[in-house]
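Only one structure is covered here, and it is reproduced in the block below.
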Amino acid sequence: MKIKHASVNICSPGRNFVTLKIETDDGIYGLGDGTLNGRELAVASYLSEHVIPCILNRDPFQTEDIWQYLYRGAYWRRGPVTMSATAAVDMALWDIKGKALNTPVYNLLGGRSRDGVLVYCHAHGADIEEACDDVARHREMGYKAIRVQSGIPGLDATYGVPKGALPYEPAERGLPPESRWSTEKYLLHVPKLFARVREQFGDDLHLLHDCHHRLSPIEAARLGKELEPFHLFWMEDPVPAEFQEGFRVIREHTTTPIATGEVLNSIWDVHDLIRNQWIDYARLTLTHAGGFTALKKIADFAELYHVRTGCHGPTDLSPVCMAAALHFDLAIHNFGIQEHMPHNKETDEVFPHAYRFEDGFMFPGDGPGLGVDLDEKLAAKYPYQRAYLPVLRKLDGTLWDW
Ligand code: KDG
Ligand code: MG
């Protein structure tokens, strides 16, 4: 079997997605997600101009060699654009392998290690009261693990809290929106939020929180310490993720578990975090960190240090990535939890899929390959629209990490 053709689909059923379709000479095709929120066309062009010409006529079963070719063979390696493009190829090839062998991808990764994949959802509100109502709503839907974010008194907007009644979606059409930030106000507020949530919902629910890269190590240490009585499942991205040494300070002060990695792209980005046991959960995704071939190595390395996975799963990764993540989560031993942010109706229609949610868990389906498709005709009705993630400044105007 040989790779005969490959094409990049860019569509925007509510938000932009980049999908690679690889076709073989015996009629099988595979899909890979290469979506990089706010930088979609960079990946699409990297794929079309630089990657696709190099993979034609290769054996699609050679996932390791093709991955090494795109990584080591590229000289300019790593980085979100390169690794997302590499991931799209790798994901599509594993999809082809599964279809050719008539088995779900999880069987190629070691087979099932569990019955279902524990997922966490997002609850949020303009204030603590509204956030608690949203926790109640999600608990009613069956979720056993809930990330909680709330508006902060004195700030107009904050990460994870939508402005209106629509679900939270950070990218906006037009130029990047800007908002203001105060670490002081945030640090005073978050412990009150979790005190209230635990008081209302008791100890059984897993609770998570995303700091979204905004604290210094010692500020994060303080927050982790103050959240200890509420035993969070994790505190996510307390400091900018690329500052690996920063996690040591947090670790020395608190037993609140720490998760990071959604913006990281390679095993070298988490190498120190894992081998020093500065984190508990590695959140790299299949799409942004090089696909199954790369993430399996990261998970296996993490397993040695009791670090578990917690793959990023926002709406800005397509259902192709969600399907792939569920196969991965089902198979690897040191799975921790999977993020689940449901896509809108239009996206689900463009990407028909076998995966499903039931009572707090997700299941990838047992059909061959990834179990996800792309309706290209329907996708054509939703052309690409440029959109950006927001930019953040402190109250005095200093540019800050969003
Ligand atoms: O594109 C950026 C989003 O994926 C990110 O802000 C979402 O932090 C996020 C999360 O944990 O889902
Ligand atoms: Mg996050």
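The values are calculated or read from the model by the stated rules, or taken from the named source; none is laboratory data. Keep in mind that what you see is a predicted model, and the values were worked out from it rather than measured. Methodologically, a virtual Cβ is constructed for each residue, glycine included, from the backbone with ideal geometry; neighbour enumeration extends over all protein chains shown. Side chains are part of the model used for accessible areas, which takes the heavy atoms of the whole protein and leaves out ligands, DNA and RNA. Shrake-Rupley method; radii C 1.70, N 1.55, O 1.52, S 1.80 Å.
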request  = With a/c under 1.5 counting as rounded, go ahead and sort region 55-174 into rounded, prolate or oblate using the C-alpha gyration tensor (a ≥ b ≥ c being the square roots of the eigenvalues; past the cut-off, prolate if a/b is larger than b/c, else oblate).
outcome  = oblate
Unit charges on C-beta of K, R, D, E only; dipole of the chain, Debye = 580
message = How are the alpha carbon pair distances in the chain distributed across 20 Å bins from zero to the largest one, expressed in percent?
response = 28, 60, 12, 0
inquiry  = Using all alpha carbons of region 3-103, what is the percent of pairwise distances in each 10 Å bin, ordered from the shortest bin to the longest?
reply    = 17, 51, 27, 4
ask   = So, with a 1.4 angstrom probe, what is the percent of accessible area on region 31-99 that is carbon and sulfur?
value = 53
request  = Take every DSSP beta bridge whose two residues both sit in the chain, then give the antiparallel share in percent to the nearest 5.
outcome  = 45
query = Lys pairs in region 108-366, Cα-Cα under 21 Å, at least 8 apart or on separate chains: how many?
reply = 4
task = May I ask you to list the lysines whose Cα is less than 20 Å away from that of residue 21, ignoring any residue fewer than eight positions away on the same chain?
result = 2, 4, 97, 99, 377, 381
inquiry  = Considering only protein heavy atoms and a probe of 1.4 Å, how much of the accessible area of region 108-366 is carbon and sulfur, as a whole percent?
reply    = 52
key: For the chain: relative contact order, % (alpha-carbon pairs under 8 angstrom, 6 or more apart)   = 23
key: Taking region 288-402 and dividing mean pair separation by its residue count, relative contact order in percent (alpha carbons under 8 Å, at least six apart)   = 20
query = When only C-alpha pairs under 8 Å and at least 6 residues apart count, what is the relative contact order of region 3-103, in percent?
reply = 33
ask   = If you count, for each residue, the other Cβ atoms within 10 Å and average over each peptide, how do 381-387, 278-284, 331-337 line up from highest to lowest?
value = 278-284, 331-337, 381-387
task = At 1.4 Å probe size, with every protein chain present, just tell me what the per residue accessible area of region 280-358 comes to in Å².
result = 28
note = So the angle from the long Cα axis of helix 217-227 to the longest Cα principal axis of the chain, reported in degrees to the nearest 10, equals 70
note = Non-local residues with an amide H under 5 Å from the amide H of residue 369, with H modelled 1.01 Å from N and Pro and chain starts lacking one, are 98, 99, 103, 105
note = Quick tally, 1.4 Å probe accessible area for 271, 327, sorted with the most first, runs 271, 327
